[in-house]
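**Student:** First the structure, then my questions, so here it is.
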């Protein structure tokens, strides 16, 4: 899993060479695990896992904002177009106004 995170960081910072530290990789892995645990209604530290280093602790509000901004625009546009086609003519005219 850390190999995947390392590759994502390399792609993210390309063309700048970014060599993540072991601490950075561990913290990013713990962040992913924290997301997985929280989506499943549990807390990862109940399982005696290490805590993130102070350098990489993220604010919960920032995580929520990141989650809200990470939607798939192409998928939403496709869904919107499909739903628009299902509208009757009267409702389509309402959207034209």
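Every number here is computed from the coordinates shown, using simple stated rules; none is lab data. Model, not experiment: these values are computed from the prediction. Positions of Cβ are generated from backbone atoms using ideal geometry, with glycine treated the same way; all protein chains shown enter the neighbour counts.
**Student:** Order of 95, 37 from fewest to most other C-beta atoms within 10 Å?
**Tutor:** Ascending number of Cβ neighbours within 10 Å: 95, 37.
**Student:** Taking 0.36 nm per residue of separation and subtracting the Cα-Cα distance, what length does fully extending residue 86 through residue 17 add?
**Tutor:** Using 0.36 nm per residue and subtracting the Cα-Cα distance, I get 20.0 nm.
**Student:** What does the highest-first list of 85-94, 42-51 look like by mean Cβ count within 10 Å?
**Tutor:** Most protected by this proxy first, the peptides run 42-51, 85-94.
**Student:** Just grab the label-to-label distance for residue 94 and residue 33, each label 7 Å out from Cα along the Cβ direction, in nm (one decimal).
**Tutor:** 5.0
**Student:** Could you please rank 36, 10, 5, placing first whichever residue has the fewest other Cβ atoms within 10 Å of its Cβ?
**Tutor:** Taking fewest neighbouring Cβ atoms as first place, the list is 36, 10, 5.
**Student:** Once the piece of chain linking residue 25 and residue 79 is laid out straight, how much longer is it, given 0.36 nm per residue of separation minus the C-alpha distance between them?
**Tutor:** Gain on stretching residue 25 to residue 79: 15.8 nm.
**Student:** Additional query: Kindly put 9, 83, 28 in sequence by how many other C-beta atoms sit within 10 Å of each C-beta, fewest to most.
**Tutor:** 83, 9, 28
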